[in-house]
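Here is the structure we will look at.
Just so it is clear, none of the values below were taken in a lab; they were calculated from the coordinates. Being a predicted model, the structure only gives us computed values, none of them experimental. Here the Cβ positions follow ideal geometry from the backbone for every residue, glycine too, while neighbour counts run over all protein chains shown.
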Amino acid sequence: MVESSPQCAQPAIRGLLIQGLRASGKTTLGALLAVRLGWDFADLDQVAATRVGCESAGAALRLLGEPAWREAEDAALEGLLGEMPHAPAPSGGLRCGAGDARRVIALGGGTPTHPRAAARLQSARAAGWRIIWLECSLDVLRQRLRSSPVDRPALTPMPIDEELVYLHRSRGPHYLRLADLRLDVSALTPEAAVEALLPLLEG
């Protein structure tokens, strides 16, 4: 199901920010959406990890610890948003034309919980970026995490199932405050999720 927030009455979309819990599909869907739109794509976790000299977000998190990692994510987010043109976004639809430059950014799962990053995201919304929240059932997230080869270190001393419930409860209010669109991807392939989003973004 797709839900649209009444806060998203923006005349032109400058870019898209994808938020959600780990394994909700932010990077996969974001990359597919960028290809369909002809936009640039950036994975915030990977950009932040590269900036601190690590191969992956998991390695960076282990090296820095979570507080310093969130600072690194915020710095990378500032860079990614600052690289984009400040001129008004084109009004001729979502697809990029000559001289057009827009971007899809997949956020880290915890990025919206960092106060400065959350304020930065709110400022981006005011400038024409839209934030999409990928919601997913805990059962599906558990299955994905167990089968995924992606390095995702534990964030708490809890067992993985308990940690997932904790993150769902603690991060949900942060996601809700920022979301312009909410999409339940529990039963959707990434391709189907893109097809569900496009009409809303173009409307």
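Using 14 Å as the cut-off for backbone N distance, which residues of segment 123-149 belong to the label zone defined by a point 7 Å from the Cα of Val165 along Cα→Cβ? Residues 138-139, 142 qualify, since their backbone N sits under 14 Å from the label point. In this simple spin-label model, placing a label point 7 Å from the Cα along the Cα-to-Cβ direction at both Arg177 and Ala126 gives a separation of 1.5 nm. What are the membrane-span-like helices in the chain by this rule: whole DSSP H runs, Cα extent along the axis at least 15 Å, mean Kyte-Doolittle hydropathy at least -0.5? Both cut-offs are met by 26-37, 66-82, 190-202.
Just to be sure I understand: if I project the alpha-carbon convex hull of segment 2-202 onto a plane and average over all orientations, what area do I get in nm²? Display every interim value, and only then the final one.
Working: hull surface 42.5 nm².
Mean shadow area of the hull around the Cα atoms is 10.6 nm².
So what's the gap between the Cα centers of segment 146-181 and segment 99-137, to the nearest angstrom? If we compute the Cα centre of each part, the gap is 17 Å. Across the options Gly65, Ala117, Pro190, the greatest Cα extent toward the positive end of the charge dipole of segment 2-202 (unit charges at beta carbon of Lys, Arg, Asp, Glu) belongs to Ala117. Counting only Cβ charges, +1 for Lys and Arg and -1 for Asp and Glu, the dipole size of the chain around its Cα centre is about 240 debye. Out of all DSSP beta bridges in segment 2-202, what portion is antiparallel? Express it as a percent rounded to 5. In segment 2-202, DSSP labels about 15 percent of beta bridges as antiparallel.
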